[in-house]
Amino acid sequence: MDLGLSGKVAWVVGASSGLGRASAEALAREGAVVAVSARRTDELAETARSIEATTGARCLAVPLDVTDPEAVVSAAGTVTTELGPADVLVANAGGPQPGRFEALDDDALYTAFALTTAAFWRLAKQVVPAMQARGSGCLLFITSSSTKEVIPELMFSNMLRPAIVGMAKTLSKELGPHGIRALCVAPGRIDTPRVRALDEHLGAATGVDTATARARSEARIALGRYGEPRELGDVVAFLASDRASYMTGTNVVIDGGYLNAMDA
């Protein structure tokens, strides 16, 4: 199936590893020209080299700390200058600090908000004007299954990720007349460094080892296993493509049947 992404410019943020890298790889495999951004410059450069080597697509590394407003503006300018205006934005960032209400303070809250909420707002602000001028574009926000069902020990994710769903839904209404789509992707238990760290945290919080914490999660997944990052990346590429041209304002869950919610 031709997804119609050949030659499109995709900017993937939080792309040095995990879900962001898998999304960038999937878009590049479909022929998109990709810019990847993250804080870890060495790892980011390796990601860009690897994507170019394995897909043949151009991949530009643009270092970025998404919590720095001026850096977001500068990175967007670099992407536009080097590759052209983004046709696709994949907004992704490291997850907020885990923990229960009593263990978290105001400083941690503001840090989590800057990383998971304000950053996605600022990224969209940078790419939407050019999309409006062209009359097309796709905004994809990677959130979490916590937008559908609260996760133990993840107060900030449970609080802040749903805000992105609200933003995407609102943008779908406001930007739809301009040919711009806005969607969320809500991963469940995907085997990434972030999820492995959360398993370790949850194990410690519940008095079991990490392997037991993971096994307990796997036991409630209909498919009986954690997802692979590529499985999410492939869905991202589809959603960004012309084949999903009638999808907008949706929060797409990719969880292997983990959630119990009827609308997941």
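Observations
- For the stretch 147-263, the convex hull drawn through the C-alpha positions has a volume of 107 cubic angstrom per residue.
- Expected 222 nm ellipticity per residue - DSSP helices of 4 or more, -39500 (n - 2.57), all of the chain, to 500: -15000 deg cm²/dmol
- Stretchable slack from T81 to T41, in nm (0.36 nm times residue separation minus alpha-carbon distance): 12.4 nm
- Here the Debye sum runs over all C-alpha atoms of the chain as equal scatterers in vacuum, and log10 of I(q)/I(0) at q = 0.09, 0.14, 0.15, 0.17 Å⁻¹ comes out as -0.37, -0.93, -1.08, -1.38.
- Contact order normalised by residue count of the chain, Cα under 8 Å, 6+ apart, percent: 20 percent
- Amide H contacts under 5 Å for I190: G227, restricted to partners 5 or more places along the chain or on a different chain, H placed in the peptide plane at 1.01 Å from N.
- Taken per residue, the accessible surface of the chain reaches 45 Å², heavy atoms only and a 1.4 Å probe.
- Each Cα pair of the stretch 1-42 feeds into the Kirkwood radius, which the Stokes-Einstein equation turns, at 25 °C and 0.890 mPa s, into a diffusion coefficient of 237 µm²/s.
- Solvent-free Debye scattering, log10 I(q)/I(0), computed from the Cα coordinates of the stretch 76-123 at q = 0.16, 0.28 Å⁻¹: -0.58, -1.04
- The share of Cα pairs per 10 Å bin across the stretch 108-201, counted from zero up to the longest distance, runs 15, 44, 28, 12, 1 percent.
- Cα-based radius of gyration for the stretch 33-144, normalised by 2.2 N^0.38 Å, reads 1.17.
- Based on the Stokes-Einstein relation at 37 °C and a viscosity of 0.692 mPa s, and on the Kirkwood radius from alpha carbon pairs, the stretch 1-75 is assigned a translational diffusion coefficient of 271 µm²/s.
- Cut-off under 5 Å, modelled amide H: who pairs with N251 long-range: C184
- Under the span-like rule (Cα at least 18 Å along the axis, Kyte-Doolittle mean at least 0.0), DSSP H helices of the chain: 69-83, 119-134, 155-175
- The chain, accessible surface, carbon-and-sulfur percent (1.4 angstrom probe): 53 percent
- For V150, no residue whose modelled amide H falls within less than 5 Å of its own remains once neighbours fewer than 5 places apart on the same chain are excluded.
The values are calculated or read from the model by the stated rules, or taken from the named source; none is laboratory data. Predicted model, so just to flag it, every value in this text is computed and none were measured. We work out accessible area using only protein heavy atoms, side chains counted, and drop any ligands, DNA or RNA first. Shrake-Rupley method; radii C 1.70, N 1.55, O 1.52, S 1.80 Å.
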